[in-house]
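The values are calculated or read from the model by the stated rules, or taken from the named source; none is laboratory data. Owing to the predicted nature of the structure, the values given are computational and were not obtained by experimental measurement. Positions of Cβ are backbone-derived with ideal geometry, glycine not excepted, and every protein chain shown enters the neighbour counts. These area figures cover heavy atoms from the full protein model, side chains too; ligands, DNA and RNA do not enter into them. Shrake-Rupley method; radii C 1.70, N 1.55, O 1.52, S 1.80 Å.
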Amino acid sequence: MQRIATSVSAAARGARAVRAAGVGPIAAARVAAASFASVAGDAAARTPLTGPSDAYRAGVDKLDAKKANVTAHVSIADDDAKNAATECPFVAAADPALVRASQRESNARSYVRKFPMVIAEADGVTLTDTDGRVYLDCLGCAGTLALGHNHPVVKEALLSYIGGPTPKPLQVLDMASVEKDHFVTKLFEVLPDNLSRVHFCSPAGTDALDAAVKMCKIATGRRTVLAFAGGYHGHGHGTLAMMGNLGAKTPVSGLMPDVHFLPFPYNYRHPFGMEGEEGETAVIRAWEAMLGDDESGVPKPACVVVEAIQGEGGVHPMSPRALRELRRITREHDIPLVIDEVQAGFCRSGDFFAFEHGDIQPDVVCMSKALGGGQPLAVIAFTEELNKWGPAAHTGTFRGSQLSFVAGAASIGYMQETKLWEHAAARGEQLRKRMTELQAASDVGCIGDIRGRGLMQGVELVRDHADEVDASGRPMPDGALAGRTQVECFKRGMLLERGGRGGAVMRMLPPLVIQEAQIDQACDIFAEALRAAIAMAASECGRATAHREPAAAPDKDDIIIAVARSRHRRSRGAGIRKLVRASL
């Protein structure tokens, strides 16, 4: 790890030397990026991932079922919000800082429960804890760290700003500054031409979504909001109302009213039990029916809010055709289209913005996470027609962070110069190929689907029982296996997210600067962890079976009935598809 830190420092010094010689920031970015890419490659090849200490491992093995059922952002069981374990069973053997966190921080804390480590150092795509153990970070601060930890271009920009000869402001509310002006100029270089206005929000994606909805309501004079099943837009009181997941919102009363949900065009677990283009067409017709039917019960909305790639909902990309049709329908009905790019934006999807995959122009784009180059920042960009709110209609104390503007401008410039979206697309294809190979392995029968774009990929784990299917005819999601797999990954030195229905989707959100060798390393760890989780599940099943009373041998009629039930369950999805096709 010391080698990595030394090399990164050398890369930063190289960037300073280039600028001192009179070379512009783009050339400096090239030098620093080349140095950093070399460092990242060395890290993947030469830095062993040691994972947690033996004490941590012993504690992690004691994770109880309720704790395993709580994902980072949303609860996946109805009673988790009120019954989640308040104490981590292993903190007594851990770093004192972890013990104090369990004693002093809220019961709503999340990541520290699943990843019992105290972070001391961070470089590129690796984290090091206080015991000197190294982890591969495929969580990336929930997709925030597009350039990884301590990228030399961003680090040098921040050091130059705060270490200059004159004292610089750190916070200025929404007043003008040189750094803010430069950041906005860089941001407009990557946005569609129709988005001519921006508004700075409190530095979190949830506030950007709140601001967008508020603005659309003021501009249109309407009150209704349309969101999508499976959507996630944050945990604010307004955005929680637009969340698809019921575990997080059910315990909270009095959420924002007049929110209605549209079906999302999933291919896997299709809402109407269909597949392919036929299923997508059925969903698009459902959108048109709701918005064009004066008996739908839904007043004309102030806006439609959607993720071009659903993240927390299980990594579901909307196809180019579906994006174009949604844009056509909302335009025909004069409804503002709000695209949530908080997680998918800034090169993660293999395009600069995920909505570009459909070649559309939204009315509003909500941005955060990677927007600030690792620093807190949230912005909405929108059309002139929606700019009807008055002064101070949406405020926030920390919307003028100069460090965020500096880091954000440097990060955007690096993305433009290096075409980082192309690297993300290539590494995403590599990741999908490795996961597809794992899915086909004879000893792995639990991967139901692999989906995503760029470095926003999801692997859905399912129960390996032919007679257990959902309403669409797909195997049931296996959240318990996903929880075990996440723990096994952590024990082997890798952090990754999970989400989706039942918490059964393993989500890969690594920094976009991850190199080919590191992708292979991540896939190797995942495969080993999944096989270990499968073996644990099989062992538990064997022990449970051994304790049962011996069953009487079934007679011929029992066998006939069991076979008929199994066939009925397997054909249920096909029957639903036939009924839907007949109604179209």
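Details
- Here residue 125 does not qualify as touching a Phe, Trp or Tyr at 6+ places or on another chain (Cβ under 8 Å), closer than 23 Å to residue 518 by Cα and crowded, with 23+ Cβ neighbours inside 10 Å.
- Members of region 164-192 found to be at pLDDT 95 or above and small (Gly, Ala, Ser), listed by number: 176, 177
- Cross-chain or 6+ apart pairs with Cβ under 9 Å, region 412-438 first and in contact (Cβ under 8 Å) with a residue 60 or more places away in the chain, then polar (S, T, N, Q) and part of a helix (DSSP H, G or I): 427/518
- Taking the criterion of being part of a loop (DSSP other than H, G, I, E, B) and either more than 27 Å from residue 144 (Cβ to Cβ) or open to solvent by 30 Å² or more (accessible area, probe 1.4 Å) (or both), the residues of region 385-394 that qualify are 387, 388, 389, 390, 391, 392, 393.
- When residue 478 is tested against (1) within 28 Å of residue 515 (Cβ to Cβ); (2) buried (at least 24 other Cβ atoms within 10 Å of the Cβ), just one condition goes unmet, and that condition is (1).
- Filter result for residue 443 (open to solvent by 30 Å² or more (accessible area, probe 1.4 Å), under 21 Å from residue 354 (Cβ atoms) and either at pLDDT 95 or above or touching a helix residue (DSSP H, G or I) at 6+ places or on another chain (Cβ under 8 Å) (or both)): no
- Within region 321-344, the set of residues being in contact (Cβ under 8 Å) with a residue 12 or more places away in the chain, more than 19 Å from residue 215 (Cβ to Cβ) and not basic (Lys, Arg) comprises 322, 323, 325, 326, 329, 343, 344.
- Residues that are more than 22 Å from residue 411 (Cα to Cα) and either without any contact (Cβ under 8 Å) to a residue 60 or more places away in the chain or of a type in the set (Ser, Thr, Tyr) (or both) occur at least once in region 167-184.
- Scope region 500-514; condition in contact with a strand residue (DSSP E or B) (Cβ under 9 Å, 6 or more places away or on another chain) and part of a loop (DSSP other than H, G, I, E, B); matching residues: 500, 504, 509, 510, 511, 513, 514
- The numbered conditions (1) open to solvent by 40 Å² or more (accessible area, probe 1.4 Å); (2) assigned to a loop (DSSP other than H, G, I, E, B) are all true for residue 422 except (2).
- Hits in region 98-119 (condition: polar (S, T, N, Q) and outside any helix (DSSP H, G or I)): 106, 107, 110
- The one condition from (1) open to solvent by less than 70 Å² (accessible area, probe 1.4 Å); (2) in a helix (DSSP H, G or I); (3) under 17 Å from residue 401 (Cβ atoms) that residue 169 does not meet is (2).
- If the condition is being open to solvent by less than 10 Å² (accessible area, probe 1.4 Å) and not in a strand (DSSP E or B), then region 489-499 contributes 489, 490, 493, 496.
- Hey, residue 344 closer than 30 Å to residue 164 by Cβ and modelled with pLDDT of 95 or more or not: no
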